[in-house]
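The values are calculated or read from the model by the stated rules, or taken from the named source; none is laboratory data. This structure is a prediction, so every number in the text was calculated from the model and none was measured. Heads up, the Cβs are rebuilt from the backbone with ideal geometry, glycines too, and the neighbour counts pull from every protein chain shown.
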């Protein structure tokens, strides 16, 4: 009786691993209703072959790999609304650990990492022991041969199901049961191979640029400063999610009225971001390079290609290019190929106040401080400012203070000490959504108040969201972000054929283009006699 219970428990452990979902939407008790076709194959194979050739260790390792893939998918779906790709996304593990360290501290982060490793080891031991229990049956030779035949038959059945769903062949109906763990593992292997091929193709395409040697660039701007402001996690959810729209639309309407009093015009539209939930640099790269940098592999291929960014063209047109990057706290060698004359990371922005946990400084301080960072220069400036106060974990959230009271930033110290701590906030998803609403609203207020203050010098200002927040926060899989252009009416007349909406609230049914279209559209709109040709390098 004890042996039967041990066999049943061992089978249950393997069953649990095989039916484990990889998506938040399927993490339900109904997942137990699946019948994994791999289960009888694994059990019968261990009965047939015992522990020969290290079979139990090998099979246990395969099952652990499948669990890692599923958990990685679950995390990626939760954060970025897509699956995990080993080639492209491994670096995110270190980024996640860095964010965790900033949120809960170095000691807890190390303990968490050790805990994950120990859990994987324990899982491997549990699976190997479970398989060993079945391998220990050691039946007579005829029964082992029968078990091997049945295992082979089960493997064929599982292969039929996997091939049907992967569309290698089609049946009128899916075979009973499911080999979805096998399908998932095979699919990831296929994706890895396809990714390698796609990256090679992307790297080649990135070397071809119709605007590479263009002349007459940006002359319609007539030496006017250009400021590109990125708002973190600002997407269509601010306009169509009832949790956020009432707050954010009211702020945009108030800002629109304030900016209109300066005499500047406003137009707003939609761009589809290559990412959601994070990885802002993919959006920055797509907009400025004109290439669809939808993952880190493509982003790296783009950086290595020598492809010209919008800032390179601005340099060609006589602009001084600058990047104001309060989120950069370590070396950023990639910036050397982005076309910036000067880069100001967090350490070079003179904030003397306390950090807002992961956020190095409030966005209002960044917007107040950056003009004084730029040394005197008679030529025009083309500036990128990447704001970060609306970056997760959205706590603490600063208040807007009078611009003249900002000083060295110590005025924000009491705000930086406010709670709740991230680990407390993130226990309640409704509280997370409310914190997101308030943080984005803070950044919208700070940004457009600053833009209104620029009315006297009348630059061309572009304000763009980088991506939607994580799916459970945004409330949809939509990857559109709002983009606003503010400047003198005669300048904005040059983009009339874009059919953007007047004001700061883009029409819900307005045109939507991918973010990588912006570079060429911008160059064409603000250049009188642009001459371009396809150049292969």
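Annotations for the structure displayed:
- Near pairs, Cβ below 7 angstrom, 6+ apart or cross-chain, from segment 56-85 (under 15 Å from residue 25 (Cα atoms)) to any residue that is at pLDDT 90 or above: 80/275
- Some residue of segment 197-217 being surrounded by 14 or more Cβ atoms within 10 Å (Cβ to Cβ), under 17 Å from residue 36 (Cα atoms) and either touching a helix residue (DSSP H, G or I) at 6+ places or on another chain (Cβ under 7 Å) or at pLDDT 80 or above (or both): no
- Under the condition of being more than 23 Å from residue 473 (Cα to Cα) and surrounded by 22 or more Cβ atoms within 10 Å (Cβ to Cβ), the residues counted in segment 229-263 number 2.
- Evaluation of residue 399 against (1) farther than 25 Å from residue 434 by Cα; (2) modelled with pLDDT of 90 or more (one fails), failing number: (1)
- Here residue 443 fits the description: assigned to a helix (DSSP H, G or I), at pLDDT 95 or above and surrounded by 16 or more Cβ atoms within 10 Å (Cβ to Cβ).
- Selection status of residue 190, assigned by TED's automatic domain parsing to the domain that holds residue 58, modelled with pLDDT of 75 or more, closer than 28 Å to residue 391 by Cα and surrounded by fewer than 17 Cβ atoms within 10 Å (Cβ to Cβ): no
- If you filter segment 448-463 down to residues that are surrounded by 20 or more Cβ atoms within 10 Å (Cβ to Cβ) and touching a helix residue (DSSP H, G or I) at 6+ places or on another chain (Cβ under 7 Å), you find that the one that is farthest from residue 394 (Cα to Cα) is 460.
- Residue in segment 321-337 that is modelled with pLDDT of 90 or more and out of contact with any helix residue (DSSP H, G or I) (no Cβ under 9 Å at 6 or more places or on another chain) present: no
- Segment 69-92, residues that are under 13 Å from the mean Cα position of the chain (by Cα), at pLDDT 75 or above, in a helix (DSSP H, G or I) and under 21 Å from residue 300 (Cβ atoms): 76
Here's the yes/no breakdown for (1) crowded, with 20+ Cβ neighbours inside 10 Å; (2) under 27 Å from the mean Cα position of the chain (by Cα):
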residue: 321; (1), (2): yes, yes
residue: 334; (1), (2): no, yes
residue: 340; (1), (2): yes, yes
residue: 345; (1), (2): no, yes
residue: 361; (1), (2): yes, yes
residue: 374; (1), (2): no, no
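- Among (1) part of a loop (DSSP other than H, G, I, E, B); (2) at pLDDT below 95; (3) surrounded by fewer than 19 Cβ atoms within 10 Å (Cβ to Cβ); (4) in contact with a helix residue (DSSP H, G or I) (Cβ under 9 Å, 6 or more places away or on another chain), the one test that residue 379 misses: (4)
- Every pair of residues 6+ apart whose Cβ atoms lie under 7 Å, when the first sits in segment 210-239 and is assigned by TED's automatic domain parsing to the domain that holds residue 466 while the second is surrounded by fewer than 18 Cβ atoms within 10 Å (Cβ to Cβ) and assigned to a strand (DSSP E or B): 212/535; 213/535; 214/531; 215/531; 216/531
Matching residues to (1) farther than 26 Å from residue 82 by Cα; (2) touching a strand residue (DSSP E or B) at 6+ places or on another chain (Cβ under 7 Å); (3) assigned to a helix (DSSP H, G or I):
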| residue | (1), (2), (3) |
| --- | --- |
| 4 | yes, no, yes |
| 9 | yes, no, yes |
| 17 | no, no, yes |
| 22 | no, no, no |
| 25 | no, no, yes |
| 39 | yes, no, yes |
| 42 | yes, no, yes |
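- Of the residues making up segment 298-327, those that are farther than 28 Å from residue 370 by Cα and part of a helix (DSSP H, G or I) number 6.
- Residues satisfying the stated conditions in segment 272-282, i.e. crowded, with 22+ Cβ neighbours inside 10 Å and in contact with a strand residue (DSSP E or B) (Cβ under 7 Å, 6 or more places away or on another chain): 273
- Selection status of residue 55, farther than 19 Å from residue 183 by Cα and at pLDDT below 70: no
- Candidate set from segment 469-499 (those that are touching a helix residue (DSSP H, G or I) at 6+ places or on another chain (Cβ under 9 Å) and assigned to a loop (DSSP other than H, G, I, E, B)); member that is surrounded by the fewest Cβ atoms within 10 Å (Cβ to Cβ): 477
- Of 123, 137, 127, 118, all but one fail to be out of contact with any helix residue (DSSP H, G or I) (no Cβ under 8 Å at 6 or more places or on another chain) and either farther than 18 Å from residue 57 by Cβ or surrounded by 14 or more Cβ atoms within 10 Å (Cβ to Cβ) (or both); the exception is 118.
- Test: residue in segment 468-487 that is touching a residue at least 12 places away in the same chain (Cβ under 8 Å), closer than 20 Å to residue 384 by Cα and more than 25 Å from the chain's Cα centre (by Cα): yes
- Every listed requirement among (1) out of contact with any strand residue (DSSP E or B) (no Cβ under 9 Å at 6 or more places or on another chain); (2) in a loop (DSSP other than H, G, I, E, B); (3) surrounded by fewer than 21 Cβ atoms within 10 Å (Cβ to Cβ) is met by residue 424 save one, (2).
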